[in-house]
Amino acid sequence: MNQALRFHWSLSQAGNSRRRSIDPKKMSGLPSLEAQEALCRKAESCGIETMLMAIGFTRPDPLLLATSLGLRTKSIGFMVACRAGLVSPTLFTQQLNTLSQLLLGRICINMVSGHTPGELRGYGDFQDHDARYRRTAEFLAVCRGLWRQKPFDYHGEFYRVEQARVHTPFHGGAPEIFVGGNSEEAFQLAAEHADCLWRFPDAPEVIAAESAPLLRTGTQVGLLVSLIARPTREQAHAAARASIKPFSEETLAVHRNFANKSDARGFRSVYRRAEHADAWITPTLWTGAVPYLGAPAIALVGSYDDIARDLWEYREAGVRQFLFMGRPDIEEMDRFGRQILPRIRARERVSAGGAA
Amino acid sequence: MTASFHWRLAEGGENLQRAMRGLRDDPAKALPDLAAQIHFCREAERVGIDALLVDINYAKPAPMVLALALAPHTRRLRFMVAHRPGLMSPTLFVQQVNSFSALAEGRICLNMVVGHSPDEQAYYGDFLEHDPRYARMEEFLEICRGLWETAEPVDYSGRYLQVEGARLNTPFTSPKGRKPQIFLGGNSKQAQQAATAYADCWLRFGEHPQRLASAIAPVLKSGTAVGLRLAVIARPTRAEALDAAARLVDLSRVGDKSEHEHLFVNGSDSVSVQQVYKMAADEWLTPNLWTGAVRTYGPPNVALLGTPDEIAQQIIDFESIGISHFILSGWPKLAEMVYFGEEVLPRVRRLEKKLDPAFPREISHA
């Protein structure tokens, strides 16, 4: 398959690249709309398709934030995180469909099942990890029924609707669905209900082996990874080292605390690995910032050529989409757009030509 | 005292015949109509409307999202977003409201409704009966209040809703305060109790002021304001107003109104919907309060009917018994609002200056 790789970026730390080092209870829930809008506009010019809108008690509601940002931008899409269990699937679909009409389809969803029981209880969600995945599957089944635009009944373990319908259709039929997670349950859910599974990276051969069963179901695999790209590998390593310098013991405690409270297998395993093993999983895959910034700080570190080669290796391993973070995002995104993306696109052209 | 005047956001265009064919199922209502709705919002702001009501039901866009899309096109106008508890975690709901406030200068207030159609509730997965829906509303608003009013994490364990350590880092932000104004509607005892305990304003359908006065006295006494949901048919002369009213009803006879009425009333378990239908039998509550449109358009359409002077006086009569909010609608949607704002509202403001500010309080002690 020669379809082009697709690239997305997380909006979660726009305007404050150290956000993830702060105790969640002290994070600002009012991030700068200007910085977010600037990052969205930058993304539009850097070949980024959508911005991930995270969900959690520390930030504004992703669907409403996407509404505001979407109406201020032209082409960028929004990947809105949703946790089943907090909202009726019918009302969620109605909200999402409404937004799709306003943005002419520039939205997709990232179904997450939550990773911290303490936070979920604050939303009134008391289900355990495995039940949350079963519930997410039911939630998506109801949403899909609504997108078919014909009244239907559904009786599940967690949801029951009768003659369910909403009249506002999703612009273009139905949204693309992403699922985040690294557990067996997440793989299962993605196989059944998602277009693409987001997971944390590992060595390309590990990704290839673990992805194969999912790829056979027709669901794609995408990697959530931070980028530290520089003209040379030495510069990239220096940047990586510099990026963790400002952090203190206090920051370490924040994430140790988080890892202990989380029941998400992916977050915990990336974190444990970072704490107990060598910080380099491959010559370019680095976990050195994870103890300070959490699992999503697992990073590809290297020269533009290194990283373009890495992305291509992941492509060979079956990965089709990437969700990036950077610190600061806007500068890393610029380097991606100017340096790495052209290398990938050139290689895709060669590859397509060779295949023809 | 001065009352606040709100209007219902125009949805589904201005085609009267289509609107009459069915209250809810008109496909024209399903899509946002941003250009027309932005114009409607700007006109509302220009003529002195405080907030636009954005309804919730399965046949329309989601009100929270639609309102946020409209907000940037105005500067002062507020949006009264309808919401039904039971469809969303109270924590997530407060997060949405607070996010709205941060993204639109706090210009949101809430119209909390329990829903009135068991069929429609089932679309959303809500199978609770009438009375428990109000009990759940109170639990929902108790949690919301906790999130708005206390800095500490909120614990709550009720019959319908539980949260543990609920907290949000996005606060409600508005020049007017740390929590949104809450309007809560319904004629039942349960609605009144929920409004008294949790709302800033109890909303009712239109009735004769004298009947209304005794019903609202305990609520006013508790410190909760009272508002009315009414339609407006204002014209330069009474004859023109009557003519406009007749045309609204005559046209409806082209369609099958009895079938529609049957569907709406029998499909509802709302106490107020049933009461207002009974009342519509004798069409005139006062010379300027007409219920003839209720059978065709539903209970929110007890209508203020007459000249600008007559309607202003009728409003003052309501204000005299302590009504301080009016949520209005009319036909044609935009033209009626503009005419009201330009012709009726200035007259109301002049008459308000002569009102005895102590009067509503005396009534409430009677």
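The values are calculated or read from the model by the stated rules, or taken from the named source; none is laboratory data. Everything numeric here is computed off the predicted structure, so don't read it as measured data. Note that we place each Cβ from the backbone using ideal geometry, even for glycine, and neighbour counts take in every protein chain shown. The protein model used for the area step is the full one, side chains on, heavy atoms only, and it has no ligands, DNA or RNA in it. Shrake-Rupley method; radii C 1.70, N 1.55, O 1.52, S 1.80 Å.
Filtering segment B:28-52 to residues that are open to solvent by less than 10 Å² (accessible area, probe 1.4 Å) and of a type in the set (A, V, I, L, M, F, W, C) leaves B:A30, B:F40, B:C41, B:A44, B:I49, B:A51, B:L52. With the condition kept exactly as written, say whether any residue in segment A:272-287 is basic (K, R), under 19 Å from the mean Cα position of the chain (by Cα) and closer than 18 Å to A:A203 by Cβ. So far as segment A:272-287 goes, no, none of its residues is basic (K, R), under 19 Å from the mean Cα position of the chain (by Cα) and closer than 18 Å to A:A203 by Cβ. Close Cβ contacts (under 6 Å, 6 or more residues apart or on different chains) running from residues in segment B:83-110 that are within 7 Å of chain A (Cβ to nearest Cβ) to residues that are among the acidic types (D, E) comprise B:Q95/A:D61; B:Q96/A:D61; B:S99/A:D61.
Within segment A:9-29, no residue that is open to solvent by 40 Å² or more (accessible area, probe 1.4 Å) sits with its Cβ atom under 7 Å from a residue that is aromatic (F, W, Y) at 6+ positions apart or across chains. On inspection, B:L147 fails the criterion of being crowded, with 24+ Cβ neighbours inside 10 Å, touching a residue at least 60 places away in the same chain (Cβ under 8 Å), more than 9 Å from chain A (Cβ to nearest Cβ) and not charged (D, E, K, R).
Output the residues belonging to segment A:154-168 that are within 16 Å of A:F139 (Cβ to Cβ), facing chain B (nearest Cβ under 9 Å) and open to solvent by 50 Å² or more (accessible area, probe 1.4 Å).
Here is the first cut: in segment A:154-168, the residues within 16 Å of A:F139 (Cβ to Cβ) are A:154-161, A:164, A:166.
Right, trim to facing chain B (nearest Cβ under 9 Å) and you get A:154, A:159-161, A:164, A:166.
Across segment A:154-168, the qualifying residues are A:Y154, A:R160.
Residue under question is A:R265, and the condition is that it be basic (K, R), open to solvent by 20 Å² or more (accessible area, probe 1.4 Å) and out of contact with any Gly (no Cβ under 9 Å at 6 or more places or on another chain); does it hold? So A:R265 does not fit the description; no.
Return the only residue of B:L168, B:L161, B:L141 being in contact with a helix residue (DSSP H, G or I) (Cβ under 8 Å, 6 or more places away or on another chain), more than 8 Å from every other protein chain (Cβ to nearest Cβ) and surrounded by 16 or more Cβ atoms within 10 Å (Cβ to Cβ). Steps first, answer last, please.
Working: B:L168 fails: more than 8 Å from every other protein chain (Cβ to nearest Cβ); B:L161 fails: more than 8 Å from every other protein chain (Cβ to nearest Cβ).
Going through B:L168, B:L161, B:L141 in turn, the sole match is B:L141.
Only one of the numbered conditions (1) facing another protein chain (nearest Cβ under 8 Å); (2) open to solvent by 10 Å² or more (accessible area, probe 1.4 Å); (3) farther than 28 Å from A:H167 by Cβ is violated by A:P60, and that is (3). Looking at A:A279, is it of a type outside the set (D, E, K, R), in contact with a Gly (Cβ under 8 Å, 6 or more places away or on another chain) and open to solvent by 20 Å² or more (accessible area, probe 1.4 Å)? The answer is yes for A:A279.
The criterion of at least 3 residues that are of a type in the set (A, V, I, L, M) is met by the following strands (runs of 3 or more DSSP E) wholly inside segment A:1-86: A:50-53, A:77-83. For A:R320, the conditions (1) buried (at least 21 other Cβ atoms within 10 Å of the Cβ); (2) under 16 Å from the mean Cα position of the chain (by Cα); (3) modelled with pLDDT of 95 or more all hold with the exception of (1).
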